[in-house]
Amino acid sequence: ATHLVWLRNDLRITDNKALHAACCDPAARVLAVFIATPGQWRQHEMAPRQAAFIHANLLQVQQALADRGIPLVCHQCDDFSVAVDWLVAYCAQERVNALFYNRQYEINELKRDQQAQRRLSGQVICQSFDDSLLLPPGSVQTGGGEMYKIYTPFRKAFIQRLTESDVRSLPAPKRREGGALSVSAAPAAFDYPQVEAGADFPAGEDAALQRLRAFCREQVQDYLQQRDFPAIAGTSSLSPYLAIGVLSPRQCFNRLRAECPQVLENSDSGAFGWLNELIWREFYRHLMVAYPALCRHRPFIEWTDRVRWRNNDALLLAWQQGATGYPIVDAAMRQLNKTGWMHNRLRMISASFLVKDLLIDWRAGERYFMSQLLDGDLAANNGGWQWAASTGTDAAPYFRIFNPTTQGERFDPQGTFIRKWLPELADVPDNALHQPHLWAEKQQCTLDYPLPIVDHKQARLETLAAFEAAKRGE
Ligand code: FAD
């Protein structure tokens, strides 16, 4: 028998359900494919950094599979429909009996998989797996059989379910007798712009596992005290690996439990705090499956679609470039532009600023984040934006508006983070860093740094009025 593993968002060989299942029969010939679809990526404005990261990780997976006698063929075509044509032809050419893949839950991906199954039916047995989540979508529901719309009860039910489920990690496949041990043609450069991720995010599951181990051993205890301060490396920075499946959430949970066996019993601990973030990741994915309209960028709270956004390209550009005159926002955006990663507290602050201070449609911010993020993930990004914009399920209420100056003062009190990204403020003393122009005025000097592009107090009132009008149906 010939088994084909179709790799997509699961670029690892350890704890990969589809790969593991394909390798169970020791007599089977096992092949693997990856199909890059740059046309699809363009449509979703995937970040060039993420494209390069996928490519770098593919090289590693290809080598790791080759060492085990499994050739990985990397093919490139424009979009999903051509990808399915190619897959069907490849299955015929290689006389594939069974196809194995891990499910993706976005609308287009689901359609692609249905199409592939339909086209292959009768010739190839298709087996798919819930692999990218701790618990499958739809498995955590209210007593009435619905998806939770509020996070805290979801988490409670989730943890209950988790304790009853087998979430052990699976081993990497053993070396296969007779399988080719040489690497097939390396994946060609994608027909897509690519920017290297840089030294902060080395490719490969070994690098990801090492980071996971070190974080769970040395840092997770302090997670709750440190996680909100962008000047401290207090979070795991594992999101780029989780987003493209170089690491699985089961590996995260199992490593956490190995280091902190009481994690589920001690809800005040750093370990529980970190698990809580992994559960947010699950929540947004479960939501996206329950409410596919989220994939079409519809707001969860319908009346918020009536908010009259200000379509001001100059303001949007100033935000994108980190030139708003609010240091914490600008430092955050420059971190994003330069590295493809942004600290969670800063994602909340900068998203809130775009929506609540500039009154720009959250979808413009969601798109921009996606075009820059190394960890771009539709469900998490959409969830984060809808939370910040007060349009989502269990979102921040619309009348709670972050003050970007006090957020900066609270979460970067010494201005360490701001100084790193805004060298033009080097001469401003610490206690003046969050409102540098007030200081410059007193000193009668000029700064090579923009004046605030909006007045926060005034903007806040206008945003409240815009949301209230929308709520009244105006
Ligand atoms: P840790 O604090 O170490 O958390 C561990 C893991 O849990 C993360 O790697 C991530 O996979 C998951 N996680 C943590 N927080 C969240 C959250 N709020 N929602 C969903 N999952 C979470 N995360 C992405 O992975 N991709 C995105 O495109 C993305 N866009 C966002 C946009 C906005 C506006 C906001 C507010 C948040 C967004 N997040 C996104 C969530 C979060 O900011 C990042 O996951 C986190 O900053 C990654 O850093 P870390 O790996 O050090 O996280």
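Worth pointing out:
- For the range 1-108, the average shadow cast by the Cα convex hull is 6.7 nm², which is a quarter of the hull's surface.
- Inverse mean reciprocal Cα-Cα distance (Kirkwood Rh) of the range 167-324, Å: 19.8
- A Förster radius of 41 Å, combined with the Cβ-Cβ distance separating I107 from N311, puts the computed FRET efficiency at roughly 0.95.
- Taking 0.36 nm per residue of separation and subtracting the Cα-Cα distance, full extension of the segment from D166 to E265 would add 33.8 nm.
- Spatially close lysines, pair count over the chain: Cα under 17 Å, gap of eight or more or interchain: 4
- Axial C-alpha extent at least 18 Å, average Kyte-Doolittle at least 0.0 - helices from the chain (DSSP): 48-67, 80-93, 270-290
- Our estimate of slack between E462 and A432, defined as 0.36 nm per intervening residue step minus the Cα-Cα distance, is 8.1 nm.
- Virtual paramagnetic centre 7 Å along Cα→Cβ of T339, amide N under 13 Å, in the range 403-428: 417-422
- In a reduced charge model with +1 at each Lys and Arg Cβ and -1 at each Asp and Glu Cβ, the chain shows a dipole moment near 800 debye about its Cα centre.
- Between the range 124-170 and the range 376-441, the Cα center-to-center distance that results, in Å: 34
- Computed over Cα pairs, the Kirkwood radius of the range 229-319 leads via Stokes-Einstein (0.692 mPa s, 37 °C) to a diffusion coefficient of 198 µm² per second.
- Between the range 237-251 and the range 43-104, the Cα center-to-center distance that results, in Å: 18
- Added length on full extension, which subtracts the Cα-Cα distance from 0.36 nm per residue, T405 to T446: 12.8 nm
- Rg/Rh for the range 327-392, where both radii come from Cα atoms and Rh is the Kirkwood radius: 0.92
- Adding -39500 (n - 2.57) for every DSSP H run of four residues or longer, then dividing by how many residues the chain holds, sets the calculated 222 nm ellipticity at -14000 deg cm²/dmol.
- Residues in the range 11-50 that a label on E94 would reach, taking backbone N under 13 Å of a point 7 Å out along Cα→Cβ: 19, 22-23, 29-35
- Annotation for C24 and D455: the two label points, set 7 Å from Cα along the Cα-Cβ direction, are 6.8 nm apart.
- Whole-percent carbon and sulfur share, accessible surface of the chain, 1.4 Å: 50
- Distance distribution P(r), the range 138-242, all Cα-Cα pairs, bin width 10 angstrom from 0: 10, 21, 30, 25, 13, 1 percent.
- A188/D79 FRET efficiency (R0 25 Å; Cβ-Cβ; nearest 0.05): 0.90
- Ratio Rg/Rh [Cα only; Rh per Kirkwood] for the range 262-370: 1.04
- Note that the chain carries a Kirkwood radius of 23.9 Å, evaluated over its alpha carbons pair by pair.
- Positive-end extreme of charge dipole, the chain - chosen from P450, N254, A186 (charges on Cβ): N254
- Accessible solvent surface per residue of the chain, calculated while the other protein chains remain in place, 1.4 angstrom probe, Å²: 44
- Taking a sphere under 13 Å around the Cβ of R419 and counting the other residues whose Cβ falls inside, with K and R at +1 and D and E at -1, yields a net charge of -3.
- For the range 326-455, the Cα gyration tensor yields ellipsoid semi-axes of 27, 16, 12 Å (square root of five times each eigenvalue, largest first, whole Å).
- The mean of 1/r over all distinct Cα pairs in the range 32-74, once inverted, gives the Kirkwood hydrodynamic radius of 11.3 Å.
The values are calculated or read from the model by the stated rules, or taken from the named source; none is laboratory data. Just so you know, these numbers come straight off a predicted model, no measurement behind them. Because the Cβ atoms are built from the backbone with ideal geometry, glycine has one as well, and the counts that use them run over all protein chains shown. With ligands, DNA and RNA removed, areas are computed over all heavy atoms of the protein, side chains included. Shrake-Rupley method; radii C 1.70, N 1.55, O 1.52, S 1.80 Å.
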